[in-house]
Amino acid sequence: MSNRRTFFYYVIPSVLSFALSGIYAIVDGFFVGNSIGDAGLSAINIAYPITAVLVATGTGIGMGGAVKYSILNAGGHEERARDYAAEAIWMMLLFSVLLTGSFYVLSERLLSALGAYGELLVLGKEYTTVIILGTVLQVFGTGMVPFMRNYGGAMWAMIAMMCGFATNVILDYILVWVLNRGMTGAALATVNERQTEHPALH
């Protein structure tokens, strides 16, 4: 395989994966906005930085670990490479526990600092409580994708992200519109979508 072909084989699926991961909140906002109204949409937008921190944590740890794994593996240090992969997984677990505990305790203060009050604070708390309790799925769901790519599964990583996006849309439709679960339904759809992205979490 030529260098150019190898480059695009990895880059195009990665770009599409990141493009999809950036619009999950838009999907939640669409269904909630049409179900609850402007207050629900505003609450999701205000709460988005909390979700973004969870996703960024998983992505950062996963990318760092996957890059180091690939460098060591390519240099013939397979055992050290496996150690880095294991350490990255333990780091994801550790940060999942720390973020779940701290964000759960501080969620109301964080939402207030982000500008939520009154009805927005109530709706935002309802949404973020589920998101925070599903932190481990969000961290691992995004953190394992770089490992999938670096194990030679760039296309599979993209397919996993696409399946996660489709799952999010379907679950938002069922939980928010059909079952009328509102903010809780939207958050459950997002958390379960992260689980779909990485089959090892099932």
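The values are calculated or read from the model by the stated rules, or taken from the named source; none is laboratory data. These numbers were taken from a predicted model, which means no experiment stands behind them. We place every Cβ from the backbone using ideal geometry, glycine too, and count neighbours over all the protein chains shown. To get the accessible areas, we keep the full protein, side chains included, count just its heavy atoms, and leave off ligands, DNA and RNA. Shrake-Rupley method; radii C 1.70, N 1.55, O 1.52, S 1.80 Å.
Residues being of a type outside the set (A, V, I, L, M, F, W, C), over 19 Å from ALA166 (Cα atoms), modelled with pLDDT of 85 or more and assigned to a helix (DSSP H, G or I) are entirely absent from region 7-27.
For every residue, the table says whether it meets (1) open to solvent by less than 40 Å² (accessible area, probe 1.4 Å); (2) farther than 19 Å from ILE50 by Cβ; (3) free of Cβ contacts under 8 Å to residues at least 24 places away in the same chain; (4) assigned to a helix (DSSP H, G or I).
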| position | (1), (2), (3), (4) |
| --- | --- |
| ASN73 | no, yes, yes, yes |
| GLU87 | no, yes, yes, yes |
| THR100 | yes, no, no, yes |
| LEU106 | no, no, yes, yes |
| ARG109 | no, no, yes, yes |
| ALA116 | yes, no, no, no |
| GLY141 | yes, no, no, yes |
| PHE147 | yes, yes, no, yes |
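Each residue in region 58-71 was checked for being more than 30 Å from GLY124 (Cα to Cα), buried (at least 21 other Cβ atoms within 10 Å of the Cβ) and not hydroxyl-bearing (Ser, Thr, Tyr), and 2 of them qualify.
Look through region 28-57, keep the residues that are touching a Phe, Trp or Tyr at 6+ places or on another chain (Cβ under 7 Å) and modelled with pLDDT under 85, and return whichever of them is most open to solvent (accessible area, probe 1.4 Å). Looking at residues that are touching a Phe, Trp or Tyr at 6+ places or on another chain (Cβ under 7 Å) and modelled with pLDDT under 85, I get SER35.
Within region 54-64, one or more residues are more than 17 Å from VAL136 (Cα to Cα) and part of a helix (DSSP H, G or I).
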